Amino acid sequence: MVRQMPGAVFQPTILGFGHLVVTLLLIVCTLWMIAFAYGFRIRVTVLQGIVTGMLADLLFLRGVRALYGVAGAESLIDLGLMLVAAVSLILLVTGNNTENLRRERQERQAQETDVLTGQLNRRGVARRYSALPTDTALTVVMIDLNDLKGINDLGGHSLGDHHLRATAQALQGHLPPGAFLGRWGGDEFVAVLPGHGDVTAVFGPVQAQVPHPSGRTLPFAYGSAQVTASMPLDRALALADQQMYEDKAGAGRAAGDPEAGEGVADFPHFLLGLNSLPAILERGLSRAAILAGFEEWMYVERDMDRIFSRDAHNARLEAGVRISMARPGSMTSQVMTLGQSLWAADYERSPYAQTDWIERGLKSIVMTPVLEHGQVRGLVAFFNHRTWHSVTPKARQLLGAVATHLGHQLERDAVVERLESSVEATLTGLGTILEARDLETAGHTERVVSLALRLGKAAGLDEDALHDLRLGAYLHDMGKLAIPDRVLLKPGPLDPAEWRLMQTHSREGALMAARLPALSPAVIELVRSHHERWDGQGYPDGLAGEGVPLLARIFALCDVYDALTHARPYKPAWTPGAARAELAAQAGRQFDPALTALFLRDVLGEGGDGGEDAPGPPAPGRSPSP
């Protein structure tokens, strides 16, 4: 292999063996680099491999020569080559190891980081938790976002993603030193805090900082467990999860204010409590816009008599609406003409786009007609200027609910306006409306008016009081205009929620009566208080004894007697004798005892009405005259 030279003999020197060892190491290094070249900077690696191979070959030859004692004067060159080879070996090994470590760190970070929020993911939380000393005191917190699906349905996944990122950022910003946060699932986060402390001080401010897009007071619920790191993470999370669900249930029970925790599911009930145009617009339409995730709202009447918006007296908006109404192809004119809802998530690219509205920065809009007696009276709209927004089915349903309720209110207002011209017209028209809508009241009003006037005369009322009694008797059930047909016409017992809704008719009737001209306070008191009881167990104000207005006490006797003696969907008619017995039994409880005796003696007469037993009390959940 090596040309033999004169006098060359094998001499096992340190220099020769050093050459051979370094040569073998360089060969191994070359093979290692080739095996791991994929994924590195391959050109540099191959070049380093070639240079290393050349050095290995040269050193091998010189090592053999040194073993045979022919190194001679070139020993300094050999030492230099060995130094270069050793330094190259060190640089190659350390450089590639550093690259490997950097890549492993990047891969681990990617595997343990949630892409959307930038926080740890489930794997990252588990690793950080397992790395803690087992005797470390910890507070593990499970955080569950409220109704993330509803947010996605309202505003699309972009709104849901924004809410997730905002919540994660706020949570991270309030964590104490040494704590860490991670996204555990779709709508769940896990926080691990050092020590055993009160987590309310940490997470309470976050709930105020990140409001729920759909209007909820609390954006998330949370529960905590105080443990040590020796406890398995799954067990700690189970304890925290249990506490979190108890917190969520408690928050739901505490939401007694109908506006405090209002969400999409509760919105129809909230809307039913709004019975005036300003209330529906300022509270109902504005809340619906918040629930749908829109920035602005407006209501426009067809004849442009009224325009309401979030920004009152917005001259630019009014001018734009007037221009849009005059253009046949605009969205506004199409909604008014067709009576159909129209929308555009990207207004500029919609077929209804107007240059002036685009220049004002309109991004997204949805419009729904408001119908009064089947005719388009106006429209309501949600719209955005700052950013584009998805027009989801739920957003359209919310706007449609407001439009429907607004149309009903306009119909009620129109009825009241027509009736205000004449009290007699009010009585006649209202009687017609009630009897056409509520079959159980057919003829009821006329009969009760007749009985009430007879009892009033027997009680010694003067002509003014009898006039007020007559008007109040006619108007007593006008509040049922505000009661939905599903409740008013239900053929059977009302459930608790329906009963509470039915009980609002006396209060709503008083509000309506207060808007009629020439009605005295006594008439309005009768409409409001005709379901109060002598013992204070009535509604809506719980008045008792002589605190109940006299006209209301007179009317109540006549109203209940007529209701008992005529069939209703939930009961058969009682005989006059059974009804008399019931009134006598309720004297001092439901009715004024003196008036009851006067009614039985002077209005109905002693005896002569039969004495059959009553067929039974009225159906549960419903009084004889709701």
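The values are calculated or read from the model by the stated rules, or taken from the named source; none is laboratory data. Quantities reported herein were computed from a predicted structural model and do not represent experimental measurements. Using ideal geometry, Cβ is built from the backbone for each residue, glycine included, and neighbour counts are taken over all protein chains shown. For the accessible areas, the whole protein counts, side chains as well, though only heavy atoms, and no ligand, DNA or RNA atoms are used. Shrake-Rupley method; radii C 1.70, N 1.55, O 1.52, S 1.80 Å.
Please report, ordered by residue number, the strands (runs of 3 or more DSSP E) entirely within the stretch 268-348 with at least 1 residues that are among the acidic types (Asp, Glu), touching a Lys or Arg at 6+ places or on another chain (Cβ under 6 Å) and assigned by the TED database to the domain that holds Lys363.
Once the strands (runs of 3 or more DSSP E) in the stretch 268-348 are filtered for at least 1 residues that are among the acidic types (Asp, Glu), touching a Lys or Arg at 6+ places or on another chain (Cβ under 6 Å) and assigned by the TED database to the domain that holds Lys363, what remains is 296-301.
For the stretch 569-591, what are the residues that are assigned to a strand (DSSP E or B) and either outside the structural domain of His505 (by the TED database) or open to solvent by less than 20 Å² (accessible area, probe 1.4 Å) (or both)?
Lys571, Phe591 - these are the residues of the stretch 569-591 that are assigned to a strand (DSSP E or B) and either outside the structural domain of His505 (by the TED database) or open to solvent by less than 20 Å² (accessible area, probe 1.4 Å) (or both).
Is there any pair linking a residue in the stretch 376-401 that is under 19 Å from Phe267 (Cβ atoms) to one that is open to solvent by 30 Å² or more (accessible area, probe 1.4 Å) and among the aliphatic types (A, V, I, L, M), with Cβ under 8 Å and at least six apart or on different chains, and which?
Pairs that qualify, where the first residue is under 19 Å from Phe267 (Cβ atoms) and the partner is open to solvent by 30 Å² or more (accessible area, probe 1.4 Å) and among the aliphatic types (A, V, I, L, M), are His389/Leu159; His389/Ala345; Ser390/Leu159; Ser390/Ala345; Val391/Ala345; Lys394/Val264; Leu398/Val264.
Can you spot a residue in the stretch 361-382 that is touching a helix residue (DSSP H, G or I) at 6+ places or on another chain (Cβ under 8 Å), closer than 30 Å to Leu475 by Cβ and part of a loop (DSSP other than H, G, I, E, B)?
There is at least one residue in the stretch 361-382 that is touching a helix residue (DSSP H, G or I) at 6+ places or on another chain (Cβ under 8 Å), closer than 30 Å to Leu475 by Cβ and part of a loop (DSSP other than H, G, I, E, B).
Return the residues of the stretch 514-523 that are touching a residue at least 40 places away in the same chain (Cβ under 8 Å) and not charged (D, E, K, R); say none if nothing qualifies.
Leu516, Pro517, Ala518, Leu519, Ser520, Ala522, Val523
Of everything in the stretch 363-400, what is more than 22 Å from Glu282 (Cα to Cα) and either open to solvent by 40 Å² or more (accessible area, probe 1.4 Å) or more than 22 Å from the chain's Cα centre (by Cα) (or both)? Give them in sequence order.
Lys363, His373, Gly374, Gln375, Thr387, Trp388, Ser390, Pro393
Do any helices (runs of 4 or more DSSP H) lying entirely in the stretch 108-212 carry at least 1 residues that are open to solvent by 50 Å² or more (accessible area, probe 1.4 Å) and modelled with pLDDT under 80, and which ones are they?
Once the helices (runs of 4 or more DSSP H) in the stretch 108-212 are filtered for at least 1 residues that are open to solvent by 50 Å² or more (accessible area, probe 1.4 Å) and modelled with pLDDT under 80, what remains is 148-174, 200-209.
Can you pull out every residue in the stretch 309-344 that is at pLDDT 80 or above and within 15 Å of Gly361 (Cβ to Cβ)?
Ala344
Sort out which residues of the stretch 349-360 are open to solvent by 50 Å² or more (accessible area, probe 1.4 Å) and either out of contact with any helix residue (DSSP H, G or I) (no Cβ under 6 Å at 6 or more places or on another chain) or not assigned by the TED database to the domain that holds Pro328 (or both), and write them in order of number.
The answer is Arg349, Pro351, Thr355, Glu359, Arg360.
For Thr432, state whether it is modelled with pLDDT of 85 or more, open to solvent by 70 Å² or more (accessible area, probe 1.4 Å) and not aliphatic (A, V, I, L, M).
When the stated conditions are applied, Thr432 does not pass them.
Mind checking which residues of the stretch 545-566 are open to solvent by 50 Å² or more (accessible area, probe 1.4 Å) and either closer than 21 Å to Arg454 by Cβ or not in a helix (DSSP H, G or I) (or both)?
Leu550, His566, listed by residue number.
Going through Leu481, Leu489 one at a time, which residue ends up being out of contact with any Gly (no Cβ under 7 Å at 6 or more places or on another chain) and within 17 Å of Val527 (Cβ to Cβ)?
Unique residue meeting the criteria: Leu481.
Out of everything in the stretch 592-602 that is more than 56 Å from the chain's Cα centre (by Cα) and of a type in the set (D, E, K, R), what residue ends up being most open to solvent (accessible area, probe 1.4 Å)?
Arg601
Name the single residue that is least open to solvent (accessible area, probe 1.4 Å) among those in the stretch 603-614 being closer than 17 Å to Val560 by Cα and either outside any loop (DSSP other than H, G, I, E, B) or modelled with pLDDT under 50 (or both).
Val603
Within the stretch 401-414, is even one residue under 25 Å from Gly509 (Cβ atoms), open to solvent by 10 Å² or more (accessible area, probe 1.4 Å) and among the β-branched types (Val, Ile, Thr)?
Yes.
Residue pairs, Cβ under 8 Å, 6 or more apart or interchain, first in the stretch 487-511 and farther than 30 Å from Glu417 by Cα and assigned by the TED database to the domain that holds Leu475, second open to solvent by less than 70 Å² (accessible area, probe 1.4 Å) and not small (Gly, Ala, Ser). List them.
Close Cβ pairs satisfying both conditions: Pro491/Tyr570; Gly492/Tyr570; Pro493/Tyr570; Pro493/Arg622; Leu494/Val487; Leu494/Met502; Leu494/Arg622; Leu494/Pro626.
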